[in-house]
1. Return the FRET efficiency for the residue pair residue 74, residue 42: r is the Cβ-Cβ distance, R0 is 22 Å, and the value is rounded to the nearest 0.05.
2. Can you show me the helix-derived [θ] at 222 nm for the chain, built from DSSP H runs with n ≥ 4 at -39,500 (n - 2.57) apiece and divided by the number of residues, rounded to the nearest 500.
3. Could you work out the relative contact order of the chain? I mean the mean sequence separation of Cα pairs under 8 Å and 6+ apart, divided by the number of residues, in percent.
4. What is the extension gain from residue 31 to residue 84, computed as 0.36 nm multiplied by their sequence separation minus the C-alpha to C-alpha distance, in nm to one decimal?
5. Run through all the Cα pairs of the chain and give the fraction in each 5 Å bin from 0, expressed as whole percent.
6. May I ask you to derive the FRET efficiency for residue 55 and residue 10 from their Cβ-Cβ distance with R0 = 30 Å, giving the value to the nearest 0.05?
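FYI, it's all coordinate maths here, none of it is from the lab. Here the structure is a predicted model, which means the values were calculated and not measured. Here Cβ is always computed from backbone atoms with ideal geometry, including for glycine, and neighbour counts include all displayed protein chains.
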Amino acid sequence: MRRRYPFTIAATLFGVALCMYNYTGYDPHNFIFFMLSVPAWAVDLFVDIHEVSVLLMYALTIASWALIGYITDRLILRERRRSRSRSRA
């Protein structure tokens with residue numbers, strides 16, 4: 001069976017790993033989390049980050065990484081389809 005969305009799966013797992021790393025306390029000042037969490041960048045522009053639910057930030061981080069992976073998979077699929085149609089012509 002062929003896996004259709006490998007980047008979506010990998011990026012989602014990266015988001016989960018990022019949140020788990022932050023949750024365990026190995027990132028005491030949240031440097032890694034804030035460098036790699038796209039929603040944390042956006043939230044920090046509008047409100048104080050300490051007022052936002054941690055679980056919400058984790059959920060948004062995982063969802064954003066899943067979306068990044070999905071977009072990557074779709075771009076790769078589109079490029080493969082284009083290259084196949086060019087090779088047939």
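1. 0.50
2. -26000 deg cm²/dmol
3. 45
4. So the extension gain works out to 14.7 nm.
5. All Cα pairs considered, the percentages come to 3, 14, 19, 19, 14, 10, 8, 6, 4, 3, 1, 0.
6. That pair, residue 55 with residue 10, gives E of 0.80.
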